[in-house]
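Notes follow the structure.
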Amino acid sequence: MTKDESLSGYNDRAKTIGLLAIVAFGLITAALLAGWIDTRRPAADPNVVDESLYLKGQTARRLSLSFSGLAADWYWMRSLQYVGGKIVNMPENVVFDNLEQLNLKLLPSLLDTATTLDPEFFQPYEYAAAVLPAVDVNEAIRIVQKGSAANPSNWRLYQHLGYLYWQKQDYKSAAEAYGNGAQIPGAPQWMQAMKARMLADGGSRSTAREIYLRMYEQSTDNNIRTMARHHVFQIDAADQLEVLQKVLAEFQTRNGRCTSGWKELQSELRTLQMPIDSTGAPVDPSGAPYVLATNCQVQLSPTSEVPAK
C-alpha cells in the first residue's frame, strides 16, 4: 500500500466516524427534546381529542367495490365502538339518552359513511335518529331523509323523521313526515293518528309519551328501547308527581302541617288508584317508592330508574 492510499483510507474512516458522531448527537438531542416536550405537554382531554375519519362516504364506496356491504358493517361497528369508547372514558355514569357531554363530533360522518356504503342498512338510520339529536339534530334529519329517499317503502324511516322534527318543535314538518309514512303500504294506523296529534297538540306530554312508546315498540335495538322506556317513565312520573304534590298540599291545608308519612294518605292514594308498595308508599313507573322530602315535597328515590330532568 502506498502512502497516498493509506492517507486516503484514513480520511474515509475519519469521515465515517464524524458522520456517525453527528447522527448519534442528533438522535440523543431529539430524544432529550421529545422527553422535555412530553413532561410539559398538558394532559389530553378525552372529550376533545378525536381520531380522524378514515374515508368519506363516496370515497369509501368507490374503493370498496363489491364489498360495500362489509365496509358498511365495519363503519357501523366503528360508530358503536366510538360511542362506547367515549362513555367508558367519562369519569361518571352517562345514560344513553343524554350524550351531549360526550363530544361525539365524528359520529355524523361515521353513520353517514355507513349509510352511503349501504343505503338499505336500517340500523344506522335508527341510531342517527336516536343519538344524533344530542350532537346535531339537523345532521340527523339529513341522514334520515337520505334513508327515506333510498328506501321509500320503509315507513319506519318516516317515523324517525317525524320524531326528529318533533324534537326541533317543528310540529308542522313532523306531521308531514308522519303523514307521508302513513301512506306507505303496511304502515300502522297510528302513523296517521300521530299526524293529527302533531297538528293538534305536538308539544303536549301525552304526545311525547306516544312518540316514545311507539319507538319502544318498534325498535329492535336494546339501547334505543331502553332510552324510549326511560322517557316513558319520566313522562309518567311527571304526571304522578303533580298529583302527589297536590295531595300533600291539600293535607297541609287541612292539618296545618306536613304529613309525617304515607300511612296518613292511604285513603287518598286508594282513591287515586296509585300503586303502592308493602310500606304504603306510592311507587313510580320503575317500581321505586317515592320519597317524602322537607317542606311537604315529594321526590324520586335515589334507586329509581326514572331519569332526573
Revision key, fill the gap. With criteria (1) over 22 Å from the mean Cα position of the chain (by Cα); (2) outside the structural domain of ALA128 (by TED's automatic domain parsing); (3) surrounded by fewer than 16 Cβ atoms within 10 Å (Cβ to Cβ), ALA308 comes up short on (1)
**Study point:** Where a residue in segment 219-247 is within 21 Å of PRO124 (Cα to Cα) and its partner, wherever it lies, is among the hydrophobic types (A, V, I, L, M, F, W, C), with Cβ under 7 Å and at least six apart
**Key:** SER219/ALA228; ASN223/PHE96; ILE224/ALA130; ILE224/MET215; THR226/PHE96; MET227/PHE96; MET227/ALA130; ALA228/MET215
Review point. Out of (1) among the hydrophobic types (A, V, I, L, M, F, W, C); (2) at pLDDT below 95; (3) not in a helix (DSSP H, G or I), what's the single condition that is false for ALA200?
Key: (3)
Check your understanding: Do you know which of the residues in segment 286-309 that are among the small types (Gly, Ala, Ser) and part of a loop (DSSP other than H, G, I, E, B) is nearest to PHE233 (Cα to Cα)?
Key -> SER286
**Study point:** Among (1) charged (D, E, K, R); (2) assigned by TED's automatic domain parsing to the domain that holds THR294; (3) under 34 Å from the mean Cα position of the chain (by Cα) - the single one GLU264 does not satisfy
**Key:** (3)
Point to revise | Filter result (under 17 Å from THR113 (Cβ atoms), at pLDDT below 95 and either not acidic (Asp, Glu) or not assigned by TED's automatic domain parsing to the domain that holds LEU111 (or both)) within segment 130-155 | key: VAL131, LEU132, VAL135
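Would you point out the residue of segment 164-176, among those that are surrounded by fewer than 24 Cβ atoms within 10 Å (Cβ to Cβ) and part of a helix (DSSP H, G or I), that is nearest to the chain's Cα centre (by Cα)? If you could, list the steps in order and put the result at the bottom.
If we filter segment 164-176 for residues that are surrounded by fewer than 24 Cβ atoms within 10 Å (Cβ to Cβ), which is where we start, we get 165-173, 175-176.
Okay, now just the ones that are also part of a helix (DSSP H, G or I), so 165-167, 171-173, 175-176.
Values: TYR165: 17, TRP166: 17, GLN167: 14, TYR171: 22, LYS172: 25, SER173: 23, ALA175: 24, GLU176: 25 Å.
Restricting to residues being surrounded by fewer than 24 Cβ atoms within 10 Å (Cβ to Cβ) and part of a helix (DSSP H, G or I), the top hit is GLN167.
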Review point. Quick check: is even one residue across segment 132-148 over 22 Å from LEU80 (Cα atoms), among the aliphatic types (A, V, I, L, M) and under 24 Å from the mean Cα position of the chain (by Cα)?
Key: no
Exercise for review: Give the residue that is modelled with the highest pLDDT, with candidates limited to residues of segment 86-129 that are in a loop (DSSP other than H, G, I, E, B), buried (at least 16 other Cβ atoms within 10 Å of the Cβ) and under 12 Å from the mean Cα position of the chain (by Cα).
Suggested key: LEU104
Exercise for review: For ARG205, state whether it is crowded, with 18+ Cβ neighbours inside 10 Å, of a type in the set (Lys, Arg) and closer than 23 Å to PRO285 by Cα.
Suggested key: no
Check your understanding: When you scan segment 146-163, how many residues do you find that are within 15 Å of GLY179 (Cα to Cα) and either assigned to a loop (DSSP other than H, G, I, E, B) or touching a His at 6+ places or on another chain (Cβ under 9 Å) (or both)?
Key -> 4
Practice item. Give the number of residues within segment 262-274 that are surrounded by 14 or more Cβ atoms within 10 Å (Cβ to Cβ) and either part of a loop (DSSP other than H, G, I, E, B) or without any contact (Cβ under 8 Å) to a residue 24 or more places away in the chain (or both). Key: 4
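The values are calculated or read from the model by the stated rules, or taken from the named source; none is laboratory data. Remember, it's a predicted structure, so these values are computed and weren't measured experimentally. Please note: Cβ atoms are built from the backbone with ideal geometry, for glycine as well, and neighbour counts cover all protein chains shown.
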